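The values are calculated or read from the model by the stated rules, or taken from the named source; none is laboratory data. Model, not experiment: these values are computed from the prediction. Positions of Cβ are backbone-derived with ideal geometry, glycine not excepted, and every protein chain shown enters the neighbour counts. Note: accessible area is taken over every heavy atom of the protein model, side chains too, but ligands, DNA and RNA are not part of it. Shrake-Rupley method; radii C 1.70, N 1.55, O 1.52, S 1.80 Å.
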Amino acid sequence: MLNQRIRLLRQSRNMSQVELAKRLNVTKQSVSNWENDNIQPSIEMLIKLSEVFSVSTDYLLDRDSREYLDVSGLPQNVVAHLRQLVEDLRAI
């Protein structure tokens with residue numbers, strides 16, 4: 001499942017394997033191996049992946065289905081608007 005999460009998160013952000021590899025300072029082959037379930041990323045790399053994709057390591061490991069959005073640095077009124085938007089979208 002980890003391999004599928006990595007692939008889906010990367011693709012949902014229109015990121016190539018090469019782009020992800022550059023952000024993580026690894027080779028494209030490493031990303032390809034993770035996505036093809038040939039090898040597993042290290043714990044250190046899991047943490048970096050979670051930071052790049054703004055998800056928890058539990059989400060990557062399929063222990064939690066919630067996704068998170070990093071709103072740090074945004075004014076509180078903007079965060080409130082984003083919360084309302086999410087609630088409105090859930091109601092659809």
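What is the packing order of peptides 49-59, 12-22, taking the mean over residues of other C-beta atoms within 10 Å and listing the highest first?
Numbers: 49-59: 16.5, 12-22: 14.3.
Highest mean packing first, the order is 49-59, 12-22.
Report, in deg cm²/dmol and to the nearest 500, the calculated mean residue ellipticity at 222 nm for the chain, where each DSSP H run with n ≥ 4 adds -39500 (n - 2.57) and the sum is divided by the residue count.
Values: 6 runs with 57 residues, N = 92.
Dividing the helical sum by the residues of the chain leaves -18000 deg cm²/dmol.
What is the Rg over Rh value, at two decimals, for the chain, using alpha-carbon atoms and the Kirkwood definition of Rh? Don't skip to the answer; put the middle values down first.
Working: Rg = 15.1 Å, Rh = 14.5 Å.
Ratio of gyration radius to Kirkwood radius: 1.04.
In whole percent, how big is the carbon plus sulfur part of the accessible area of the stretch 1-65, probe 1.4 Å, protein atoms only?
On the way: 1720 of 3860 Å².
C and S atoms contribute 45 percent here.
Using per-residue counts of other Cβ atoms within 10 Å, averaged over each peptide, order 77-88, 36-47 from highest down.
Values: 77-88: 10.7, 36-47: 12.5.
With the highest mean Cβ count within 10 Å placed first, the list reads 36-47, 77-88.
Tell me, what is the per residue accessible area of the chain in Å², probe radius 1.4 Å? Please list the in-between numbers first.
Values: 6440 Å² over 92 residues.
Here the residues of the chain average 70 Å² of exposed surface.
Output the relative contact order of the chain, whole-number percent, from Cα pairs under 8 angstrom with separation of 6+ residues. Provide the component values of the computation, followed by the final result.
Values: 60 pairs, mean separation 20.7, N = 92.
Dividing the mean separation by the residue count of the chain yields 23 percent.
Can you give me the long-range amide H partners of ASP64? Hydrogens built in the peptide plane at 1.01 Å from N, cutoff under 5 Å, separation of 5 or more residues or another chain.
When sequence neighbours closer than 5 places are left aside, the close amide H contacts are TYR59.
What is the extension gain from SER42 to ARG63, computed as 0.36 nm multiplied by their sequence separation minus the C-alpha to C-alpha distance, in nm to one decimal?
The span from SER42 to ARG63 would gain 5.8 nm if fully extended.
Output wanted: per-residue J couplings in Hz (rounded whole) for the stretch 72-82, from phi through Karplus 6.51 cos²θ - 1.76 cosθ + 1.60, θ = phi - 60°, x for Gly and Pro.
Once θ is set to phi - 60°, the couplings for the stretch 72-82 become 4, x, 8, x, 4, 5, 5, 4, 4, 5, 5 Hz.
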